[in-house]
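Working notes, beginning with the structure itself.
The values are calculated or read from the model by the stated rules, or taken from the named source; none is laboratory data. Because the structure is a prediction, the values reported are computed rather than measured. All Cβ positions, glycine included, derive from the backbone under ideal geometry; neighbour counts span all protein chains shown.
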Amino acid sequence: MSHELVLVLDFGGQYNQLIARRVREHKIYCEVKSYKTPIEEIKAMNPKGIIFTGGPNSVYLDDSPRMDREILELGIPVLGICYGAQFLVYALGGVIEPAHDASLSEYGKTECEIDTSSPLFDGLEKNTIVWMSHNDYISKVPDGFKSIGHSVKCPYGAMADEERKLYGVQFHPEVNHTVQGFDMLGNFLTKICGCRGDWTMESYAETAIRDIRAKVGDGKALLALSGGVDSSVACKLLAKAIGSQLTCIFVDHGLMRKNEGDEVEAAFADSGVNFVRVNAGERFLSKLAGVEEPERKRKIIGEEFIRVFEEEAKKIGKVDYLVQGTIYPDVIESGLGDAAVIKSHHNVGGLPDYVDFKEIIEPLRLLFKDEVRALGTTLGLDEKLVWRQPFPGPGLAIRIIGDITPEKVATLQDADAIFREEIANAGLDRSINQYFAVLTNMRSVGVMGDGRTYDYTLALRGVSTSDFMTADFSRIPYDVLEKVSVRIVNEVKNINRIVYDITSKPPATIEWE
Ligand code: XMP
């Protein structure tokens, strides 16, 4: 790819992905690499700028991450953030000291005065709030550097050697708490590195399509399509690149949300690829009959899924390429720069062992989730699929507590569809990160008309989260909940009580099973 490239060198900081995201928000392509990346490899990438991330260590410890200091002599602009700034100081002969005295360490929102005559802070407000998080501090900057920002405790909150284009900030410009952080990064990228911002989804799509065509030639590719955002966008991209040379297998396990199987089929059946939908609902339900234990349900579904996929793949015969919807966070989390680890990270675990293929294609492996969505939109993918909220592989099986029957599946599908419809009507569908209904196995007494009922309790769940590792329950307005409740008990059979789940994760999980 011939995009301008900015390199983010990871020293183990918790915000490494966030820095990369921010750079890309400035329409500049960037990659995160380990600080261990050999200098020759870095030179070959020809980056326009390099950002050193933060990290948990102290630079003066023996086993702290350190780069070959030749990186600072390449003439490439560098911005060191937190530990990255301290590494700059260490490497160039300044002094870092541990803040034994609590009056010298800083954590949280901090007032900082910045020197707006520096290109890093050009056009910004002089007095600003930044996010600090450090135990060590810079007590003396290297020769050639000067302070370009300070807080009450920290004389070198930001420093620069403008001539060599080396910059360091003790705070984190990538987090939203640093009020002007986005613009500071923008200044570094455009005013210091000279980037123009040529990274767009159109250009990504064009390049990816060209690369896929060159790679696949007249070979055959296979994709396991789940209907999730990643596999759907991968499918659309491959469809544009190689059309009928691609076969998509969509295993409909009958535990999708209402109409979802048909929506997936409608989005891809006419896209020029060989689209195979396997309606395996009865097969899955018969395997699940009478099973109540959540882990057992998951295991049965996982195994059956692979079996169905394998049977279908065998019918197609030899394929050259298996397409995976791996995305960039998976790549980063799998171990930076370690190709062996990255390869084993798949969305559909286990499939490669069962299918005879030559190579894996991962066309989204450099994209973040929202970039995958933007690519989907660029490629004309159905909005419903582009904005689909996460849906667990085992589907509604883990949202029906206790044993699963076809009737319960239908009940939950109907109730869940109403909940989703009303959330969309209220304009909340893109702000609540995940929301769904759960059919509990609890029944209670109710009254309808003049008669007694003894029916199921349905639970509603809505969460706000950025990473799905922790989550807070969403504060859905009462009038929306009321509408949902009234509609469900009136329109869906077998439900006479609705509760809203107000636990966060932890201690609860997002799903109920
Ligand atoms: P929990 O319930 O662990 O869920 O808080 C976190 C996120 O993961 C999704 N999830 C799954 N996704 N296969 C998946 O592809 C699964 O087996 C699975 N289980 C949970 C869940 O929907 C939430 O977004």
Of the residues that sit in the range 190-212 and are out of contact with any strand residue (DSSP E or B) (no Cβ under 9 Å at 6 or more places or on another chain), more than 18 Å from Leu366 (Cβ to Cβ) and not polar (S, T, N, Q), which one is nearest to the ligand (Cβ to nearest atom)? Arg196
So, Val484, is that one outside any strand (DSSP E or B) and under 29 Å from Arg298 (Cβ atoms) or not? yes
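Among the residues that make up the range 170-180, is at least one of them closer than 22 Å to Ala20 by Cα and assigned to a strand (DSSP E or B)?
Quick first cut of the range 170-180, residues closer than 22 Å to Ala20 by Cα only: 170-180.
Next cut, assigned to a strand (DSSP E or B) only: 171.
Yes: one or more hits.
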Any chance the range 382-394 includes a residue that's of a type in the set (Lys, Arg) and within 23 Å of the chain's Cα centre (by Cα)? yes
Out of all the residues in the range 457-472, is one or more out of contact with any Pro (no Cβ under 6 Å at 6 or more places or on another chain), away from the ligand (no atom under 12 Å from the Cβ) and without any contact (Cβ under 8 Å) to a residue 24 or more places away in the chain? no
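Does Lys318 count as within 16 Å of the ligand (Cβ to nearest atom) and either assigned to a loop (DSSP other than H, G, I, E, B) or without any contact (Cβ under 8 Å) to a residue 12 or more places away in the chain (or both)?
On the way: within 16 Å of the ligand (Cβ to nearest atom): no; either assigned to a loop (DSSP other than H, G, I, E, B) or without any contact (Cβ under 8 Å) to a residue 12 or more places away in the chain (or both): yes.
Criteria not met by Lys318.
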The condition from (1) within 19 Å of Leu238 (Cα to Cα); (2) modelled with pLDDT under 90 that Gly350 misses is numbered (1)
Could you tell me whether any residue of the range 115-131 is in contact with a Cys (Cβ under 8 Å, 6 or more places away or on another chain) and of a type in the set (A, V, I, L, M)? yes
Please go through the range 187-200 and give me each residue that is crowded, with 22+ Cβ neighbours inside 10 Å and under 24 Å from Thr378 (Cβ atoms), ordered by number. Leu189, Cys195, Trp199
Restricting to the range 399-413, name every residue that is outside any loop (DSSP other than H, G, I, E, B) and surrounded by fewer than 18 Cβ atoms within 10 Å (Cβ to Cβ). Pro406, Glu407, Ala410
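Restrict the check to the range 89-108 and report whether at least one residue is under 30 Å from the mean Cα position of the chain (by Cα), surrounded by fewer than 15 Cβ atoms within 10 Å (Cβ to Cβ) and farther than 15 Å from Tyr167 by Cβ. Before you say what the answer is, go through the steps one by one.
To start, the set of residues in the range 89-108 that are under 30 Å from the mean Cα position of the chain (by Cα) comprises 106-108.
Filter once more, keeping what is surrounded by fewer than 15 Cβ atoms within 10 Å (Cβ to Cβ): 107-108.
Adding the requirement that they be farther than 15 Å from Tyr167 by Cβ leaves 107-108.
Yes, some residue in the range 89-108 is under 30 Å from the mean Cα position of the chain (by Cα), surrounded by fewer than 15 Cβ atoms within 10 Å (Cβ to Cβ) and farther than 15 Å from Tyr167 by Cβ.
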Within the range 474-513, residues among the hydroxyl-bearing types (Ser, Thr, Tyr) and away from the ligand (no atom under 16 Å from the Cβ) come out as Tyr478, Ser485, Tyr500
Determine whether the range 432-446 contains at least one residue that is surrounded by fewer than 18 Cβ atoms within 10 Å (Cβ to Cβ) and modelled with pLDDT under 95. no
Those residues of the range 380-394 which are away from the ligand (no atom under 16 Å from the Cβ) and surrounded by fewer than 19 Cβ atoms within 10 Å (Cβ to Cβ), in sequence order: Gly380, Asp382, Glu383, Lys384
Determine the pairs where a residue that is over 12 Å from Gly227 (Cα atoms), located within the range 386-401, has a partner that is more than 7 Å from the ligand (Cβ to nearest atom) and among the acidic types (Asp, Glu) with Cβ atoms under 6 Å apart, the partner being 6 or more residues away or on another chain. Ile398/Glu513
Enumerate the pairs (first residue in the range 487-513 and more than 21 Å from Gly402 (Cα to Cα); second residue anywhere and in a loop (DSSP other than H, G, I, E, B) and within 15 Å of the ligand (Cβ to nearest atom)) with beta-carbon separation below 9 Å, excluding pairs fewer than 6 apart on the same chain, so at least 6 apart or on different chains. Ser504/Thr470; Lys505/Thr465; Lys505/Phe468; Lys505/Met469; Lys505/Thr470; Pro506/Thr470
Name the pairs whose Cβ atoms lie under 6 Å apart, with the first residue in the range 180-192 and more than 15 Å from Ile114 (Cα to Cα), the second hydrophobic (A, V, I, L, M, F, W, C) and buried (at least 19 other Cβ atoms within 10 Å of the Cβ), and 6 or more positions between them or separate chains? Leu189/Ile28; Leu189/Cys195
